[in-house]
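K.L.:
Mind having a look at this structure? Questions to follow.
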Amino acid sequence: MGNQKGKTMYKKGINAYQSVGGRDQATTADPYQLIQMLMNGAMQKLAYGKGAIERKDLAAKSENLTKALSIVNALQDGLDMSAESEVAGNMYDLYDFVKRQIIDAMGSSSIEAIDNSLLVMRNLKEGWDAIPVAAREQAFAQREQMAVGG
């Protein structure tokens, strides 16, 4: 059961990344790299959305912020909430804040809301990037072992 959920979340992440144009990289990335790519993709779409607001290009604003929202949803959906860890709970809340800010920016064209989203996403990505390789490998090995019932 756990293995199926992990595969489903990984597939959702790949689909979210591919929807914003990262087709080839997403299918060869490990779960850690996929999350990095999703975070980068969300920040990129937020920046594009901010530029569109500044140019008063409503179509580009809508397109980019919708894609950013989709990516943040995929990141939030991919959190392992079964472990009931404080870190996962905090990340869930931060993603929820980012989603609300994006929705606010979609409706009000708020640059401040996008800047708030970018700040949170940068901080999350910096934390993610700082995870040592050995710790990543150990965590993914443990997760895979639990998923197959080991």
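The values are calculated or read from the model by the stated rules, or taken from the named source; none is laboratory data. Keep in mind it's a predicted model, so treat the numbers as computed, not measured. Note: ideal-geometry Cβ built from the backbone for every residue, glycine included; neighbour counts use all protein chains shown.
K.L.:
List every residue pair whose Cβ atoms sit under 6 Å apart, with the two residues 6 or more apart in sequence or on different chains, where the first one lies in region 46-61 and is within 22 Å of Leu119 (Cβ to Cβ) and the second, anywhere, is modelled with pLDDT under 95 and surrounded by 11 or more Cβ atoms within 10 Å (Cβ to Cβ).
P.N.:
Sorted first by the residue in region 46-61, then by its partner, the list stays empty.
K.L.:
Could you tell me whether any residue of region 82-92 is buried (at least 22 other Cβ atoms within 10 Å of the Cβ) and touching a residue at least 12 places away in the same chain (Cβ under 8 Å)?
P.N.:
Kept after step one, since they are buried (at least 22 other Cβ atoms within 10 Å of the Cβ), are these residues of region 82-92: none.
For region 82-92, residues buried (at least 22 other Cβ atoms within 10 Å of the Cβ) and touching a residue at least 12 places away in the same chain (Cβ under 8 Å): absent.
K.L.:
I've got another one for you. Residues to consider are Ser117, Ser109; find the one that is out of contact with any Asp or Glu (no Cβ under 8 Å at 6 or more places or on another chain), modelled with pLDDT of 95 or more and at positive phi.
P.N.:
Working: Ser117 fails: at positive phi.
One residue alone meets the criteria, Ser109.
K.L.:
Restricting to region 39-81, give me the number of residues that are surrounded by 14 or more Cβ atoms within 10 Å (Cβ to Cβ) and not in a helix (DSSP H, G or I).
P.N.:
The number of residues fulfilling the criteria is 4.
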